[in-house]
Number of protein chains: 2
Amino acid sequence: MDFKTEFKPLTIDPDKIYDYSFSIIAEEMGQHDFSEDEWKIVRRVIHASADFELGRSVIIHPDAIRAGVEAIRNGRHVIADVQMIESGTGKARFQKYGGDVHCYISDEDVAIEAKRLNQTRAIISMQKAVKENEGGIYAIGNAPTALLELIRLIKEGKAKPDLIIGMPVGFVSAAESKAELAKITEVPFITNVGRKGGSTVTVAALNAISLLADQK
Amino acid sequence: MDFKTEFKPLTIDPDKIYDYSFSIIAEEMGQHDFSEDEWKIVRRVIHASADFELGRSVIIHPDAIRAGVEAIRNGRHVIADVQMIESGTGKARFQKYGGDVHCYISDEDVAIEAKRLNQTRAIISMQKAVKENEGGIYAIGNAPTALLELIRLIKEGKAKPDLIIGMPVGFVSAAESKAELAKITEVPFITNVGRKGGSTVTVAALNAISLLADQK
């Protein structure tokens with residue numbers, strides 16, 4: 001069946017739109033090796049991108065879901081690399097456990113330090129984040145330099161996140177930064193292979209984890 | 001050459017990252033029919049998605065760039081369907097001409113009305129937006145129902161945006177809503193064919209227009 005041209009009813013009931021989308025995604029995805037919980041993350045990534053190739057490229061560390069759910073329930077904070085992730089994340093699902101969502105990239109002290117060192121604000125914002133937070137879920141969807149800096153801080157023993165959702169998009173260092181993330185053993189992660197990714201799919205994965213924290 | 005595995009230097013100078021990305025995008029894109037100004041929009045869409053298929057699917061109305069540039073210089077406002085677009089947009093480039101970026105979807109009166117009518121908040125937020133703004137650039141990257149409602153209001157003579165950037169993503173009504181947009185004659189538009197799209201690529205197109213407003 002050609003789904004692209006098939007008629008879709010213009011449903012306007014919000015809950016029904018989600019349900020209908022997920023049923024289309026499951027049908028078109030067909031066979032895959034994701035577990036039931038992993039699929040709840042991957043289908044949201046596909047929902048946010050309409051991209052099955054991107055969905056199939058997702059890598060979920062065996063301990064990622066448990067670690068993310070525990071972190072949320074323990075009130076650990078979410079650190080976003082960019083404002084779009086902060087604003088796209090349903091904060092209430094973290095705040096009810098005592099956590100919150102932070103983004104340091106527009107902080108004045110971060111901008112000053114980045115300019116002084118001629119580095120990205122993303123790098124300096126990660127240095128600030130690890131100083132200000134114990135553990136935490138790092139949601140990095142835009143800046144490969146943020147992800148690479150976080151990995152460096154972990155390897156130097158200066159950072160110990162509970163979970164990293166690292167899915168930056170782009171042509172310079174994005175795929176490479178995610179390949180580095182997929183190799184680390186110190187911290188569980190959710191990432192994907194290749195250049196694709198971005199803030200919306202990172203938010204989708206994060207929201208999926210927060211929904212699992214409520215349901216489990 | 002296999003670009004996916006080719007080594008990319010981990011540049012950290014922010015300006016160089018953009019320049020290098022655009023040179024890779026131009027090289028891999030090869031032949032296309034976009035004009036010089038159109039390409040400035042399309043390459044940013046590709047930059048934000050790492051998706052050449054999505055870039056090639058972009059449709060730019062012949063009057064869209066002129067209308068967008070004029071609207072910004074005349075201090076017309078930007079209306080975003082979701083917060084992610086509002087927070088991802090460089091507001092300073094609009095504010096310096098007297099405009100600003102608004103998003104009504106989380107307003108309390110919108111939520112109450114949506115619940116009362118069992119419709120999406122996106123629909124009600126468009127009704128509020130056209131009441132509160134003369135003209136304006138509508139940036140719709142998430143909610144097909146917002147785009148369909150805006151088109152309905154235009155056809156009924158109740159709305160007259162300066163430009164619509166309509167690139168919602170998804171499986172229910174997204175492709176259909178964009179096909180409707182591509183048919184309208186009342187208002188210039190930027191859109192794309194198919195299910196793909198989203199807040200990040202909508203922001204990319206909007207930021208490209210705002211950069212053109214500064215340069216032209």
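List of remarks:
- Filter result (within 14 Å of another protein chain (Cβ to nearest Cβ) and closer than 14 Å to B:Thr89 by Cα) within segment B:190-216: B:Gly198, B:Ser199, B:Thr200, B:Val201, B:Thr202, B:Val203, B:Ala204, B:Leu206, B:Asn207
- Considering (1) of a type in the set (Gly, Ala, Ser); (2) over 21 Å from B:Val58 (Cβ atoms); (3) in contact with a strand residue (DSSP E or B) (Cβ under 9 Å, 6 or more places away or on another chain), the lone condition that B:Gly141 does not fulfil carries the number (2).
The rows are residues; the columns are (1) buried (at least 24 other Cβ atoms within 10 Å of the Cβ); (2) modelled with pLDDT of 95 or more.
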| position | (1), (2) |
| --- | --- |
| B:Ile65 | no, yes |
| B:Ala80 | yes, yes |
| B:Ile85 | yes, yes |
| B:Asp100 | no, yes |
| B:Asp107 | no, yes |
| B:Ile112 | no, yes |
| B:Lys115 | no, no |
| B:Glu132 | no, yes |
| B:Ala139 | yes, yes |
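- Hits in segment A:132-145 - residues which are under 17 Å from the mean Cα position of the chain (by Cα) and away from chain B (no Cβ under 11 Å): A:Gly135, A:Gly136, A:Ile137, A:Tyr138, A:Ala139, A:Ile140
- Residue in segment B:47-61 that is surrounded by the fewest Cβ atoms within 10 Å (Cβ to Cβ), counting only those that are within 12 Å of chain A (Cβ to nearest Cβ) and not in a helix (DSSP H, G or I): B:Ser57
- Hits in segment B:153-190 (condition: in contact (Cβ under 8 Å) with a residue 40 or more places away in the chain and farther than 23 Å from B:Val101 by Cβ): B:Ala182
- Test for B:Val187: is it in contact with a Pro (Cβ under 7 Å, 6 or more places away or on another chain) and not aromatic (Phe, Trp, Tyr): yes
- Helices (runs of 4 or more DSSP H) wholly inside segment B:108-196 that include at least 1 residues being under 22 Å from B:Ala71 (Cβ atoms): B:121-132, B:144-155, B:174-181
- B:Ile17, sole failed condition from (1) modelled with pLDDT of 95 or more; (2) in a helix (DSSP H, G or I): (1)
- Segment A:146-181 - residue that is closer than 29 Å to A:Lys91 by Cβ and among the basic types (Lys, Arg) and, of those, farthest from the other protein chains (Cβ to nearest Cβ): A:Lys160
- Residue list for segment A:114-131, restricted to those being more than 12 Å from every other protein chain (Cβ to nearest Cβ) and free of Cβ contacts under 8 Å to residues at least 12 places away in the same chain: A:Arg116, A:Lys131
- Residue list for segment A:62-101, filter: more than 14 Å from every other protein chain (Cβ to nearest Cβ), within 15 Å of the chain's Cα centre (by Cα) and closer than 24 Å to B:Gly198 by Cβ: A:Ala64, A:Gly68, A:Val78, A:Ile79, A:Phe94
- Segment B:26-46, residues that are at the interface with chain A (Cβ under 9 Å from one of its Cβ atoms) and under 19 Å from B:Leu206 (Cα atoms): B:Ile46
- From B:Ser106, B:Ser87, residue being over 27 Å from B:Glu176 (Cβ atoms), out of contact with any strand residue (DSSP E or B) (no Cβ under 8 Å at 6 or more places or on another chain), without any contact (Cβ under 8 Å) to a residue 60 or more places away in the chain and of a type in the set (Gly, Ala, Ser): B:Ser87
- Number of positions in segment A:89-145 that are closer than 30 Å to A:Asp214 by Cβ and among the β-branched types (Val, Ile, Thr): 6
The values are calculated or read from the model by the stated rules, or taken from the named source; none is laboratory data. Predicted model, so just to flag it, every value in this text is computed and none were measured. No Cβ is skipped: glycine too gets one built from the backbone with ideal geometry, and neighbour counts run over all protein chains shown.
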